[in-house]
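The next block holds one structure in the form of structure tokens; read it before the comments.
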Amino acid sequence: FRKGEGTNDLKTLEGKTILLGSAAWQSIVDPMLAVQGVDVSKVKYVEAGWPTWATALQAGQGDAALSWEGLRAEWIANGLDFEYWLGVQKSPLFANTFVVRAADLEDADKKDYLAKYLRGWAMGMEFAYHNPRAAVEMVFEQFPTLAANLGP
């Protein structure tokens, strides 16, 4: 939320506009709002584009925007000064979950692919836990703009 416009009661978002980097993110936001008692049919979503949805919020083109912890740090580092409703503190939902269709688990090839992906993801998380400096360096090498935005 823009400074001075934050809320602890997400029901106040009914009738308001939430900016997203991609329209596909509505499937992320709807459950977060619904678990807080929001009637999601009364919320308007606008795809404001990647990476411009934060500047669109700052410019008043919506009432709220989706963010996440790492992105919040980047926005702050870039001078985008917002108020945040932190799901980690206020939501019963799990963060960073993976959801697959039950039918995908019935297909041996898809199940094998998912198992390999999740194993690789878990190994990456374990590596980053034990080697945070190396993990950050790898990310910064892959995404130099992020490195420039966040600094050392």
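Before moving on, here are some points about what is shown:
- Accessible surface of the chain [probe 1.4 Å, protein heavy atoms]: carbon and sulfur percent: 57
- Extension gain, Leu118 to Val40, is 25.0 nm, computed as 0.36 nm per intervening residue step minus the present C-alpha separation.
- Label positions at Val139 and Lys3, each projected 7 Å from the Cα along the C-beta direction, are separated by 2.6 nm.
- Lys111/Ala24 FRET efficiency (R0 22 Å; Cβ-Cβ; nearest 0.05): 0.40
- Summarised in one figure, the compactness ratio Rg/Rh of the range 102-150, Cα atoms and Kirkwood Rh, is 1.21.
- Assuming charge only on the beta carbon of Lys and Arg (+1) and of Asp and Glu (-1), the dipole of the range 11-89 about its Cα centre is about 140 debye to the nearest 20.
- For the range 8-111, accessible area per residue (1.4 Å probe, heavy atoms of protein chains only), Å²: 62
- When the square roots of the Cα gyration tensor eigenvalues are ordered a ≥ b ≥ c, the ratio a/c for the chain is 1.5 or more and a/b does not exceed b/c, which makes its shape oblate.
- Taken over the range 11-89, the alpha-carbon convex hull comes to 91 cubic angstrom per residue.
The values are calculated or read from the model by the stated rules, or taken from the named source; none is laboratory data. Worth saying up front: this structure is predicted, and the values here are computed from it rather than measured. Reconstructed Cβ throughout: ideal geometry from the backbone, glycine too, with neighbour counts over all protein chains shown. For the accessible areas, the whole protein counts, side chains as well, though only heavy atoms, and no ligand, DNA or RNA atoms are used. Shrake-Rupley method; radii C 1.70, N 1.55, O 1.52, S 1.80 Å.
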